[in-house]
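Worksheet for the structure shown next.
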Amino acid sequence: MMRLEPGFLVAWVRAELDAAGEAAAFDALRQRAETDGLAEEEAELDAAGQIAERRGLLDALETAAGGLWLAEVREARGISEKLERSAGDSCVAWLRATPGAAARLAQLSRALTGEPGKSVAELEGLGGSPGCSTR
C-alpha cells in the first residue's frame, strides 16, 4: 500500500477536479465531513481520499509506476519531479500536485525501469530539456 503525503493528495485531487471543471464535488464532500465533526484539514483529507479512490486516481498512480513498487508519493519541491529507487523495486516519487501527475510518473517509471543500474529518474520542470534524465 503506497503512502501519499497528505498535502500532495489534497492539492492533487483539487487540481484534477479543477481541470475537469468539477471543483464542487470536492467542496461538497469536504463540507459533509465537517458536518460529521471533522476539523477542516481532516475533512479535506477525507474528501480527497474518497475522491481519489472513487475516481481511480490512486490506481492510476500505482499503474503508472509499472513494475516498480510505489511506496510513497511526496509533493515535489523545486523545479523537478523525480522517482527514486530506494530498495529493490521499491521507489519514492516526488511529484507536483498538478493535473497529469500519473502520466508524468509513468514517464519517470519507464525511464528508471529502462536503466536498471540507475537509481533516480528526473523530469526537469522549468526551462529544462524535454524528457527524463537518469542517474
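The values are calculated or read from the model by the stated rules, or taken from the named source; none is laboratory data. Model, not experiment: these values are computed from the prediction. Cβ sites come from the backbone with ideal geometry, for glycine too, and all protein chains shown count toward neighbours. With ligands, DNA and RNA removed, areas are computed over all heavy atoms of the protein, side chains included. Shrake-Rupley method; radii C 1.70, N 1.55, O 1.52, S 1.80 Å.
Quick look at the numbers
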{"item": "Fraction in percent of alpha-carbon pairs per bin - 10 Å, the chain", "result": "13, 42, 29, 13, 3, 0"}
{"item": "The chain, accessible surface, carbon-and-sulfur percent (1.4 angstrom probe)", "result": "50"}
{"item": "Accessible surface, the chain, averaged per residue in Å² (probe 1.4 Å)", "result": "52"}
{"item": "Vicinal HN-Hα couplings computed from phi for region 15-22 (Karplus, 6.51 cos²θ - 1.76 cosθ + 1.60; Hz; Gly/Pro x)", "result": "5, 5, 5, 4, 5, 8, x, 10"}
{"item": "D_trans [Stokes-Einstein, Kirkwood Rh over alpha-carbon pairs] for region 56-100, 10 °C, 1.306 mPa s, µm² s⁻¹", "result": "145"}
{"item": "Net charge of Cβ neighbours under 13 Å - reference Ala64; Lys, Arg +1; Asp, Glu -1", "result": "-1"}
{"item": "Distant-in-sequence amide H partners of Ser90 (H built 1.01 Å from N, under 5 Å)", "result": "Trp69"}
{"item": "Relative contact order of the chain, defined on C-alpha pairs under 8 angstrom at six or more residues apart (%)", "result": "24"}
{"item": "Debye, to nearest 20: dipole size of the chain, +1 on Lys, Arg Cβ, -1 on Asp, Glu Cβ", "result": "640"}
{"item": "Rounded, prolate or oblate (a/c below 1.5 giving rounded, otherwise prolate when a/b exceeds b/c) for region 1-42 by Cα gyration tensor", "result": "oblate"}
